[in-house]
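Below you'll find the structure, written out as structure tokens, and then a few comments.
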Amino acid sequence: MKRKLVSLVLALAMIVSLCTTAAYATDTGTITNAAMTLDSTKLALRVGESASLTASVMGCIMSDAVLTSSDPGVATVVGNTVTGAGLGKAVITATTSDGQTAACNVHVVLKGIDVSAWQGGIDWSSVKSSGVDFAIIRTGYGSEQWDKQTDAYFNANYEGATANGIKVGVYHFSYATTVAAAAEEARMCLSILNGRKLDYPVFYDIEDSTQRVLSRELLSSIAQTFCSAIESAGYKAGIYSSPSIFNSNLSSSVLDPYDKWVAHWGVDVARYSNPYTVWQYGSATVPGISGAVDQDYSYVDYSSSSQPTNPVQDPAQTPSATTFKSDTTAPYYFSANSSYIYKITTTSSVMPQAVSSNPSAVSVAFYQKTAGGYLYRITNVNQGSATITTTLGDLSTSFTANGKAAGVISDTTYPFTIKRGATYQFKFTANGTSDVPAFVTGNGSVLKPVLQQKVGSSYYYKISGLSAGCAGVYSILPGQQAVRQCIVTVA
């Protein structure tokens, strides 16, 4: 009898230990969670060009990642191949079955450079052979002494570029701090052009430190004066500057008619929320030019008769007369959670309406009003995809929500790293099913199962790190495919 009591006490102690301990690691040191990434966060393609994107977590390729495009009219996706469909910008989002996401900004563009006397003599034949589509050439700077401030290489650069089939635009560097000075700079620029044909606009380069201290009203009037004179002469006018100047000193609506060329280096997409047609994104070496030269993307084919009448805008940053945007635009995948709340930001006092295209998979309902907008809750009903659309009058926004079938939920879904010989225990809970699941690792040479124990409606599954590498941990219900619950790397 005493031996039976001892056995019973030990069994109860094990059950209590398992029930009161969530997933835990033994001898692991520090467990590091890692986010999924794509091998590129920025791609530049011409129309018809393709590139591949691969999702991974700490070097482990996520073969179940599904790629989607925010604008198939700009970039299409087949498998992991992205193809440029039309000039513009799109975001490619990779989403795995367990809800991890990663994104890449795709720019479908014409590729160009901007040059001045600083580059010296240029071999334009080599530049063309390197794949440059267009060049924006400096006419000169200021207006005090036309003969000295005309770019010494303008004529040679214009003749060399056009002779080699490179599309050409120009820019004039401004020092103007008065409207009168801007008018004189326009006269000088037009004199240098002397009626030459251009494919791209005449851009007014505003970036000098003397102009940064001017009021918005004055600097905007200066830019408007120059651009108006340029367009009166039959050319298309535009303005070049940085996002900080555009957003402050050049933010007047009087400049809306003129195209914008934005300079913003070291980012995946220019941080400017208004329309722009050209982005100067950095500098690099180009065959035929000594030293580095500024690099540009153009979202408009100015030489094409079918060019857009409106410049490109970043869809995620486009302003509207009535503020109306969602904080969720990428596809959403339910994992361990059964619901998710998204926010609609709007200045309207009228509550937007939300509907699901497939409520048998994912339902949606108003949750509560909050500062700056409204909250809505989507709920996992069953396996399937639904488009969640929220509307306010003529304004609309939508995203795809993907329901998950009844199955197994893990308390550990984020990828992590353990050392060789270390162990980690998962807690899995059956959700909406009485079937008994099995658990396996995707690579037995990397991870070894050492324990599987059922307690109540939960299953405890302990693995041990054997050798360097990565492997998935999967649950399998009878009659269903294996579901990856987590990625584990052994270092």
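What the table shows:
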{"quantity": "Any pair with Cβ under 6 angstrom, 6 or more apart, that starts in region 285-297 at a residue that is farther than 18 Å from Trp265 by Cα and ends at one that is open to solvent by less than 40 Å² (accessible area, probe 1.4 Å) and modelled with pLDDT under 95", "calculated": "none"}
{"quantity": "Residue in region 299-310 that is modelled with pLDDT of 90 or more, surrounded by fewer than 20 Cβ atoms within 10 Å (Cβ to Cβ), outside any loop (DSSP other than H, G, I, E, B) and not basic (Lys, Arg) present", "calculated": "no"}
{"quantity": "Single residue of region 348-382 satisfying the filter (among the aromatic types (Phe, Trp, Tyr) and closer than 30 Å to Gly407 by Cβ) that is least open to solvent (accessible area, probe 1.4 Å)", "calculated": "Tyr376"}
{"quantity": "Checking Asp256 against (1) farther than 24 Å from Ser221 by Cα; (2) surrounded by fewer than 16 Cβ atoms within 10 Å (Cβ to Cβ); (3) among the acidic types (Asp, Glu), the condition it does not meet", "calculated": "(1)"}
{"quantity": "Selection from region 59-78 of residues that are modelled with pLDDT of 90 or more, more than 15 Å from Lys89 (Cα to Cα) and open to solvent by 70 Å² or more (accessible area, probe 1.4 Å)", "calculated": "Val78"}
{"quantity": "Qualifying residue in region 427-440 (condition: acidic (Asp, Glu) and either part of a strand (DSSP E or B) or farther than 21 Å from Thr101 by Cα (or both))", "calculated": "yes"}
{"quantity": "Condition met for Gly421 (open to solvent by 30 Å² or more (accessible area, probe 1.4 Å), more than 34 Å from the chain's Cα centre (by Cα) and either closer than 22 Å to Ser63 by Cβ or at pLDDT 90 or above (or both))", "calculated": "yes"}
{"quantity": "Where a residue in region 316-330 is within 19 Å of Asp268 (Cα to Cα) and surrounded by 13 or more Cβ atoms within 10 Å (Cβ to Cβ) and its partner, wherever it lies, is at pLDDT below 85 and not hydroxyl-bearing (Ser, Thr, Tyr), with Cβ under 8 Å and at least six apart", "calculated": "Thr329/Ala316"}
{"quantity": "Number of positions in region 234-253 that are more than 23 Å from the chain's Cα centre (by Cα), under 21 Å from Thr210 (Cβ atoms) and open to solvent by 40 Å² or more (accessible area, probe 1.4 Å)", "calculated": "2"}
{"quantity": "Tabulated pairs, region 375-393, first part of a strand (DSSP E or B), second charged (D, E, K, R), C-beta under 9 angstrom, 6+ apart or interchain", "calculated": "Leu375/Lys343; Leu375/Lys369; Tyr376/Lys343; Asn380/Lys404"}
{"quantity": "Count of region 27-48 residues which are within 17 Å of Ile463 (Cβ to Cβ) and at pLDDT 95 or above", "calculated": "0"}
{"quantity": "Every residue from region 256-306 that is among the aromatic types (Phe, Trp, Tyr) and more than 24 Å from Leu38 (Cβ to Cβ)", "calculated": "Tyr258, Trp261, Tyr276, Tyr302"}
{"quantity": "Test: residue in region 49-58 that is closer than 22 Å to Val108 by Cβ, open to solvent by 30 Å² or more (accessible area, probe 1.4 Å), not in a loop (DSSP other than H, G, I, E, B) and not aromatic (Phe, Trp, Tyr)", "calculated": "yes"}
{"quantity": "Residues of region 441-458 classified as assigned to a strand (DSSP E or B) and either small (Gly, Ala, Ser) or more than 22 Å from Asp64 (Cβ to Cβ) (or both), total", "calculated": "8"}
{"quantity": "Hey, Ala75 under 30 Å from Gln383 (Cα atoms) and free of Cβ contacts under 8 Å to residues at least 60 places away in the same chain or not", "calculated": "yes"}
{"quantity": "Test for Arg271: is it in contact (Cβ under 8 Å) with a residue 12 or more places away in the chain, over 27 Å from Asn157 (Cβ atoms) and either among the basic types (Lys, Arg) or open to solvent by 60 Å² or more (accessible area, probe 1.4 Å) (or both)", "calculated": "yes"}
{"quantity": "Residues of region 450-475 classified as of a type in the set (A, V, I, L, M, F, W, C), within 24 Å of Ser56 (Cβ to Cβ) and surrounded by 14 or more Cβ atoms within 10 Å (Cβ to Cβ), total", "calculated": "5"}
{"quantity": "Helices (runs of 4 or more DSSP H) contained in region 127-218 and holding at least 2 residues surrounded by fewer than 19 Cβ atoms within 10 Å (Cβ to Cβ) and of a type in the set (Ser, Thr, Tyr)", "calculated": "209-212"}
{"quantity": "Sole exception among (1) farther than 30 Å from Lys343 by Cα; (2) part of a strand (DSSP E or B); (3) of a type outside the set (A, V, I, L, M); (4) open to solvent by less than 60 Å² (accessible area, probe 1.4 Å) for Asn402, by number", "calculated": "(1)"}
{"quantity": "Qualifying residue in region 279-287 (condition: more than 23 Å from the chain's Cα centre (by Cα), modelled with pLDDT of 95 or more, surrounded by fewer than 18 Cβ atoms within 10 Å (Cβ to Cβ) and not in a strand (DSSP E or B))", "calculated": "yes"}
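A quick yes/no check of all residues on (1) at pLDDT 90 or above; (2) in contact with a strand residue (DSSP E or B) (Cβ under 9 Å, 6 or more places away or on another chain); (3) hydroxyl-bearing (Ser, Thr, Tyr):
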| position | (1), (2), (3) |
| --- | --- |
| Gly403 | no, yes, no |
| Gly407 | no, yes, no |
| Pro415 | no, yes, no |
| Val440 | yes, yes, no |
| Gln453 | yes, yes, no |
| Tyr459 | yes, yes, yes |
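The values are calculated or read from the model by the stated rules, or taken from the named source; none is laboratory data. These figures come from a predicted structure and were not determined experimentally. Using ideal geometry, Cβ is built from the backbone for each residue, glycine included, and neighbour counts are taken over all protein chains shown. Note: accessible area is taken over every heavy atom of the protein model, side chains too, but ligands, DNA and RNA are not part of it. Shrake-Rupley method; radii C 1.70, N 1.55, O 1.52, S 1.80 Å.
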